[in-house]
Amino acid sequence: MAKTKHGLPETKGQFKLRGFVTGMGRDNTYTSKETKTKKERRVLNFGVQTAPESTVYVTVQGMEQKEVFFSKRSEVKGQPGELKRVPFADRKKNQGEGFNLIGLSVGIDKDAEGKNIVKHLHDFDAAEELYNKLNDEDQVFIQGGIEYSSFKNEKDEVRRNKKFVVNRIYNAKDIDFESEKFEETSDFKQKIIFMGIKKVEDKDDPRFEVEAKIVTYNSVEDADFIIRNTSLANTFRSQLKPYNAIEVWGKIFNKLDADEVPATDKKASWGEEDKFKRVNNTYIRELVITGADPETLDVETYTEEIIDEAMKALKEFGESNQSAGNNAWGDSSAIDISDEDLPW
């Protein structure tokens, strides 16, 4: 486990999406800039439409580094594999049989038989390659990690962000929103530190808000989650206490909130766009918890005293909390990140 700046284990999150690529034609989809350290940084942001009314935005980002790592699995079951350090300039060179670059797994090209050709790229290279090869309407399957961060704006208000960072991307097929068999894939799994739960008084959308903390590599972030299942919310209320850690899962809810929602069909307007139907697109972004695993309940690792000590350690380092199964409660988890979960 990588050593964090505050000494606490990270509470990691992951996600899984299946849908149509969107947003590749925007001006800010891909950027390449030189950092203060004179190293190039590449960032790709695009959307994945997982249902007619829902689009999740994901990120591929990477920067020039001093070195990269290649790994090779051990031929002996249970034994650790080999790890090789390689200068960044040599990252595209063959490092010997069985060695793969530790980075982003990309499978958007196909062989003569129509199967995905999977290769391993550094995030720096993947951002550029995906920008050059992906097109709107491409069907993709994506897995990755969720990053949480916060900052203060010019009004000294704390702004909180969630970023869905791609680790794997592959071609998908046969996505048909109009099919009776269509099931949306927009899932997440996250270890949270429970802080409390409260009912949101909204007759149009009755729900409960879960207040939580997320431990990242260099910060402890506040985060909100939603529960719409009253029975599950009551279980959280009765079984969890502040600073209890538990693994939860659910759906990523990212839908346009506007009086006039643009049509979801693929037909273009005749002539110019109807300016009366232009809206300032604002989105409802929620992580909706649908289940939790009581077997993962941890009441010792993240006590109030331990969290306070971690926050004190961060302040000393100048971080100040800002950072660029059958027994489950609710439904079963849809996330299982493994090689067997690939879409072919």
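Results, tabulated for the structure shown:
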{"read-out": "Checklist (1) assigned to a strand (DSSP E or B); (2) surrounded by fewer than 20 Cβ atoms within 10 Å (Cβ to Cβ) applied to Phe15, failing item", "value": "(2)"}
{"read-out": "Verdict on Val165 being at pLDDT below 95, among the β-branched types (Val, Ile, Thr) and surrounded by fewer than 20 Cβ atoms within 10 Å (Cβ to Cβ)", "value": "no"}
{"read-out": "Any chance Phe88 is surrounded by 17 or more Cβ atoms within 10 Å (Cβ to Cβ) and more than 22 Å from the chain's Cα centre (by Cα)", "value": "no"}
{"read-out": "Any hit, segment 212-226, residues being modelled with pLDDT of 95 or more and in a loop (DSSP other than H, G, I, E, B)", "value": "no"}
{"read-out": "Residue list for segment 104-115, filter: surrounded by fewer than 18 Cβ atoms within 10 Å (Cβ to Cβ) and outside any loop (DSSP other than H, G, I, E, B)", "value": "Asp109, Lys110"}
{"read-out": "Evaluation of Ile175 against (1) more than 30 Å from Asp138 (Cβ to Cβ); (2) modelled with pLDDT of 95 or more; (3) not in a strand (DSSP E or B) (one fails), failing number", "value": "(1)"}
{"read-out": "Of residues in segment 233-258 being aliphatic (A, V, I, L, M) and buried (at least 20 other Cβ atoms within 10 Å of the Cβ), the one farthest from Leu314 (Cα to Cα)", "value": "Ala233"}
{"read-out": "Candidates Gln49, Gln95, Gln61, filtered to the one that is over 22 Å from the mean Cα position of the chain (by Cα) and either farther than 30 Å from Phe177 by Cβ or of a type outside the set (D, E, K, R) (or both)", "value": "Gln95"}
{"read-out": "Residue selected from segment 18-35 under the condition more than 28 Å from Lys251 (Cα to Cα) and not in a strand (DSSP E or B), by the criterion nearest to the chain's Cα centre (by Cα)", "value": "Asp27"}
{"read-out": "Pair list, Cβ < 6 Å and 6+ apart or interchain, from segment 117-129 residues that are farther than 11 Å from Asn167 by Cβ to residues that are outside any helix (DSSP H, G or I) and among the acidic types (Asp, Glu)", "value": "Ile117/Asp109; Ile117/Asp111"}
{"read-out": "Residues that are crowded, with 21+ Cβ neighbours inside 10 Å and small (Gly, Ala, Ser), drawn from segment 173-207", "value": "Ser186"}
{"read-out": "Lone unmet requirement of (1) within 20 Å of the chain's Cα centre (by Cα); (2) at positive phi for Asp174", "value": "(1)"}
{"read-out": "Residues satisfying the stated conditions in segment 277-335, i.e. over 30 Å from Thr230 (Cβ atoms), among the hydroxyl-bearing types (Ser, Thr, Tyr) and either surrounded by 15 or more Cβ atoms within 10 Å (Cβ to Cβ) or modelled with pLDDT of 95 or more (or both)", "value": "Ser323"}
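The values are calculated or read from the model by the stated rules, or taken from the named source; none is laboratory data. It should be emphasised that the depicted structure is a prediction, and the values quoted were computed from it without experimental measurement. In this analysis, Cβ positions are derived from the backbone assuming ideal geometry, glycine residues included, and neighbour counts consider all displayed protein chains.
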